[in-house]
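Input: a single structure, listed below in structure tokens.
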Amino acid sequence: MAALLPLNDDYPVRRAPVVAFTLIAVNVLVYLASPQASTAVWYPADMMGRYCAIEDYFLRWGAIPNEMLGRVDQARPLTEACGAIGGKSVWLSVFASMFVHSGPMHIIGNMVYLFVFGPVVEDRIGRVRFLGLYLVTGVTAAYAHAITDIDGSIPMVGASGAISGVLGAYLVVQFRSRVTSLVFGVIPMRLPGWALVGSYFAFQYLLYVTTSYAPGAGSNVAYAAHVYGFIAGVIAGLAVYRLRWRSGTRLSDVY
């Protein structure tokens, strides 16, 4: 959300956020090795060759709604100049799409949110559960988007659905924190954690409704994935709390 850029959460994590930082590292390395990054010098250098390499990359590793729901058999080319790809694993692409980003601003925005909120949620629910939450809410978000766009043929990429799940869990497990944020990118303020993630969800839901139902207001951003990923994170956070209550185990002791 451009109007609010989180910088730091005041919750003192007691253990190194190994999973959150590993996920950030994997996302960054995958981007640096992708054809849209200038660091990937092994892809074609000419403009058309590079363009087709990028298109093939997104078609192979992106989560495409009509493929996910079995409405087509293979990834079709987005332009006539580049051919279709074969041998794609749809299930693998759903998971892989969570680590693929379209550009530097896309990955920076996602990783900032994961850097601020991921360590807190990991510390509160444990490393294994945090990794499970990240992956499950990411897959849930992808399929929720697919169901809302059953004939969609545009690859969905990015960690936003999974990170929305992390924010949803944060709202349940550590909403009392205060988060230092830049308002409109310039004004530093300390805001309640619940207000920040709550306003994120409200903003994403507003954009989802607006772009879904307003004539001519389509968007290339999968807002449905953000909305349903957040809801999945809330449900997962509540489930973890219920499990703790039934077992009598503190969340901070579960790893």
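The values are calculated or read from the model by the stated rules, or taken from the named source; none is laboratory data. Since the structure is predicted, the reported quantities are computational estimates derived from the model, not experimental observations. Glycine gets a Cβ as well: all are built from the backbone with ideal geometry, and neighbour counts include every protein chain shown. Keep in mind that these areas ignore ligands, DNA and RNA; they rest on the heavy atoms of the full protein, side chains included. Shrake-Rupley method; radii C 1.70, N 1.55, O 1.52, S 1.80 Å.
Can you find a residue that is aromatic (Phe, Trp, Tyr), touching a residue at least 12 places away in the same chain (Cβ under 8 Å), open to solvent by less than 40 Å² (accessible area, probe 1.4 Å) and assigned to a helix (DSSP H, G or I) anywhere in the stretch 109-118?
Yes, the conditions are met somewhere in the stretch 109-118.
Return the only residue of 164, 153, 199 being outside any helix (DSSP H, G or I) and more than 19 Å from residue 16 (Cα to Cα).
Within the list 164, 153, 199, the selection yields 153.
Check off (1) within 19 Å of residue 237 (Cα to Cα); (2) over 17 Å from the mean Cα position of the chain (by Cα); (3) in a helix (DSSP H, G or I) for residue 147 and give me the number that stays unchecked.
Looking at each condition in turn, residue 147 falls short on (1).
Could you tell me how many of the residues in the stretch 170-189 are closer than 18 Å to residue 13 by Cα and surrounded by fewer than 12 Cβ atoms within 10 Å (Cβ to Cβ)?
So the count comes out to 1.
Condition check: in a helix (DSSP H, G or I) and out of contact with any Cys (no Cβ under 6 Å at 6 or more places or on another chain). Does residue 179 satisfy that?
no
For (1) without any contact (Cβ under 8 Å) to a residue 60 or more places away in the chain; (2) within 19 Å of residue 229 (Cα to Cα); (3) among the aliphatic types (A, V, I, L, M), each residue gets a yes or a no:
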{"site": "61", "(1), (2), (3)": "no, no, no"}
{"site": "72", "(1), (2), (3)": "no, no, yes"}
{"site": "101", "(1), (2), (3)": "no, yes, no"}
{"site": "123", "(1), (2), (3)": "no, no, no"}
{"site": "138", "(1), (2), (3)": "no, yes, no"}
